[in-house]
Amino acid sequence: DAQGRRLKIESTNPAPEKIIRRIVPELDKAFAPTKELVPFVEAVHDRLVVEIARGCTQGCRFCQAGIIYRPYRERSVSKVLELIREGLKATGYEECSLLSLSAGDYSQIEELIVRIITEHWSNRIALSLPSLRVSSLTPLVLEAIKRVRKTGFTIAPEAGSERLRKMMNKAISDSEILGTTEKVLKAGWRNLKFYFMIGLQRETEEDINGLIKLTRALSALGKRIQPGAQLSLSINGFIPKPHTPFQWEKQLGMMELKAIQEKLRREIPRNFKIRLEDPRISFLEGIFSRGGRELNSVIETAYQKGAKFDSWSEHFRFEAYLRAFEEQGINPEQYLKEKPEDMVFAWEHLDPQVSKEFLLKERDRSREGLLTKDCRITGCLENCGVCDQRQIQPRLSEQIEKKTESELIKSLEQLSPQPDFYFRYLIHYKRIGDMRFLGLLENNRMFIRAVRRASLRMRFSQGFHPLPKISFADGPPVGVESDAEYLELELIEHLPTEKLKSQLQKVLPVGIEIVEVKELNQRARSINQQISLIEYLAVLPENLKAKANQEQLAKFLTSEQFLIKQKRDKKERIIDLKQKIKYIEITNEHSIKFGIINSEGPTAKPQEVISEIFEIKEPEIYQVRFKRIFMRFMEARSISYPMDSLRKSGLTQKKMRGE
Ligand code: SF4
């Protein structure tokens, strides 16, 4: 209308009037991927992710996911276990994350966790539960998670005062937050993160003081129980989200948010690492959260004015957005205001099947400070509209044999330690083709995951963060192929070398080829202590073959010293290449073969050797293809396995097979 309000949304044929959300009634019957892509580089969420439940009916009134994924549906324990089994087998991941909006609310979370840990104990699979509500953290959950690896812990009180938390429908008291924090700290966690939100409508000075008071109490707890623990606070501005009971609420402006942030910065104890969201980001997020298609032109204009990669603070161009709003004649402030209840929002045609009446009722209850209980516990009292109570309804996992908490803890305590015998193997492999682009860590991670996929029973280090006993000989620089890569692997089962080789080869990517597997004497020195020389071959392209000339080589061979400058970690150093090269020869017009001595102290990269001796500088040196072709060891590696002495020590064939 004349005031720029949206009066209705009309569909354009053939689009339907409403886009109605599809709901999967039973997760067990829905497709769930188990053969995930396993990236070589370390990705975000670099672990197996298995969804254990969808939806959440805790009813937090600011939370969009809590509305648009209703009703609450659990995947059964047996199905979750099956997916994890298949997923770990297919990927070789060392960690599994139980995904849901609130993992601790899964009806049989304790039994599930214990079953996962016991089933995968021999592989020391770490378990992470990314979203735990304060009240769902039982001693067993803590015990189970720390069994394999203590990842960081996140607690989300959301608001500083109990009054405000009630308005949000988050029924947790300060004492529950402190109690949980105490439990987590006592269980040994040293890295805790707390999430808060500021700027809610009807937030008062008292609520902000409540937040400060709570952080002081948390800080004192940290100092008392775990001095030196890393406590972090993440404080974001409240953004009214579409489809939530708070979608009509006002959002605080930048100046008001900034004033609260300054107070918090002054008064929150110093031992907290505080991350306050930039109020300009909250401002934009609020606008785009409640804006409609009229903002398309703003985004495009801002982009043309240089707005790109906004999440990286150094690239954030706020002025580009302000100028874009101005140019498009849009007043951004209007999006932050409280909205009338008859407002036609830009998302009115998207129907998550939760009724508007329910949202408005929840808004009223929030103002009255009334809590709405979780319908999966109380049954359908408030009727949000999403269930038909026949096919679509809240669903819990089938009940499995229930054990008491102490029985479950006992089964964790009974997990067997590693046997004291083990078998050591030396694996010689090639890394060719595209695999030459793997970095050192990527190569190692890829191999460890392959060993897991091959179901080999690895030996692990002891302690809180068990790591597989596998060590790699220093790999070649990125971009260099290799016929001579080595690793040492310790297993707690005995396998014939040919069997180990074929089992492992089957699960390795193209470009990684096992040449040979040998058994190693347990007393043999580690591989990195043994390498004395590494031989490389440099193959020059047609346009550079003239560079491989004997005069250049003779200059090097006849010189007393051949000093080169190296850059390492932003520092420079000088080394004498004559001391590092054992031999070098031009084998044909395209190829140069050379051996680099592997000794203590600085060494030379193959690219440096060719670049310096034959004066092939950047960028031409990148056209030269390098291959590591041979590795010489200081002493003949003992490859005989001392079977006799082990037999004498009472080790049976069965034990050796790990049975
Ligand atoms: S319709 Fe009732 S049971 Fe279903 S999600 Fe809504 S409140 Fe819960």
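The values are calculated or read from the model by the stated rules, or taken from the named source; none is laboratory data. Here the structure is a predicted model, which means the values were calculated and not measured. A quick note on method: Cβ atoms are made from the backbone with ideal geometry, for glycine too, and the neighbour counts reach across all protein chains shown. Only protein heavy atoms, including side chains, enter the accessible area calculation; ligands, DNA and RNA are left aside. Shrake-Rupley method; radii C 1.70, N 1.55, O 1.52, S 1.80 Å.
At a glance:
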{"quantity": "Relative contact order for segment 531-634, counting Cα pairs under 8 Å that sit 6 or more residues apart, in percent", "calculated": "46"}
{"quantity": "Full-extension gain in nm, GLU326 to VAL49, via 0.36 nm per residue minus C-alpha separation", "calculated": "95.3 nm"}
{"quantity": "Counting DSSP beta bridges with both ends in the chain, the antiparallel % (nearest 5)", "calculated": "65"}
{"quantity": "Contact order relative to length of the chain, as percent, for alpha carbon pairs under 8 angstrom and 6 or more apart", "calculated": "13"}
{"quantity": "Cα gyration tensor shape for segment 533-586, rounded if a/c is under 1.5, else prolate or oblate", "calculated": "prolate"}
{"quantity": "Cut-off 19 Å, label 7 Å out along Cα→Cβ of LYS305, residues of segment 229-256 by amide N", "calculated": "254-255"}
{"quantity": "Carbon + sulfur, % of accessible area of segment 531-634 - ligands and nucleic acids excluded, 1.4 Å", "calculated": "50"}
{"quantity": "Per residue, in Å², the accessible surface of the chain once ligands and nucleic acids are set aside, probe 1.4 Å", "calculated": "50"}
{"quantity": "Separation in nanometres of the label points that stand 7 Å from Cα toward Cβ, at GLN391 and ASP474", "calculated": "6.5"}
{"quantity": "Cα→Cβ-extended label distance, 7 Å offset, between LYS193 and GLU262, nm", "calculated": "2.9"}
{"quantity": "Loop trypsin sites (Lys or Arg not before Pro), segment 294-356 (other Cβ atoms within 10 Å of the site Cβ: 13 or fewer; DSSP)", "calculated": "LYS308, LYS337"}
{"quantity": "Net dipole in debye of segment 531-634 [+1 Lys, Arg Cβ; -1 Asp, Glu Cβ; about Cα centre; nearest 20]", "calculated": "360"}
{"quantity": "Karplus-derived 3J(HN,Hα), 6.51/-1.76/1.60, for each residue of segment 133-141, Hz, glycine and proline x", "calculated": "7, 3, 6, 8, 8, 8, x, 5, 4"}
{"quantity": "Student exercise, the chain dipole from Lys, Arg, Asp, Glu Cβ charges, in Debye to nearest 20", "calculated": "1500"}
{"quantity": "Local net charge near MET458, Cβ-Cβ under 9 Å (Lys/Arg +1, Asp/Glu -1)", "calculated": "+4"}
{"quantity": "Added length on full extension, which subtracts the Cα-Cα distance from 0.36 nm per residue, GLU572 to GLU407", "calculated": "53.3 nm"}
{"quantity": "Pair ALA15, GLU600: separation of 7 Å Cα→Cβ label points (nm)", "calculated": "7.2"}
{"quantity": "Sites matching chymotrypsin sites (Phe, Trp or Tyr not before Pro) across segment 252-337 that sit in DSSP coil, with at most 10 neighbouring C-beta atoms within 10 Å", "calculated": "PHE309, TRP312"}
{"quantity": "Global form of the chain, assessed from the alpha-carbon gyration tensor, a/c cut-off 1.5", "calculated": "prolate"}
{"quantity": "Tensor-based shape of segment 531-634 (alpha-carbon gyration tensor, a/c under 1.5 rounded, otherwise prolate or oblate)", "calculated": "rounded"}
{"quantity": "Paramagnetic reach from ARG632 (point 7 Å along Cα→Cβ, amide N under 11 Å) across segment 525-550", "calculated": "532-535"}
